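Take a look at the structure below.
The values are calculated or read from the model by the stated rules, or taken from the named source; none is laboratory data. Computed from a predicted structure; not experimentally measured. Because the Cβ atoms are built from the backbone with ideal geometry, glycine has one as well, and the counts that use them run over all protein chains shown.
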Amino acid sequence: MDLKLEDLFSKCETCNGTGTYNPKDDESGLNIVRSNNTCTACDGKCIKLTEIGKVIKDFIKKLKEKDLI
């Protein structure tokens, strides 16, 4: 198997990889004032995991729970 980073995650399309929310980009056209400008789609992480990325994330979590890493 030839696994590449692109197979694991992609740039968040909502914030375009910035991790922040821009009220001007709101589809409703309303100027929404928010105290926290973190992108809600990616939770400020700037990326979205693919299905394969989610499986690997869960695998790593299990390894950590068992003190294997």
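Of the conditions (1) in contact with a strand residue (DSSP E or B) (Cβ under 6 Å, 6 or more places away or on another chain); (2) modelled with pLDDT under 95; (3) not small (Gly, Ala, Ser), Leu30 fails just one. Which one is it?
Here Leu30 meets the rest and fails (1).
Restricting to the stretch 35-69, give me the number of residues that are of a type in the set (A, V, I, L, M) and part of a helix (DSSP H, G or I).
As a first pass, look at the stretch 35-69 and keep what is of a type in the set (A, V, I, L, M): 41, 47, 49, 52, 55-56, 60, 63, 68-69.
Within this subset, residues satisfying the condition of being part of a helix (DSSP H, G or I) are 52, 55-56, 60, 63.
Going through the stretch 35-69 one residue at a time, the tally reaches 5.
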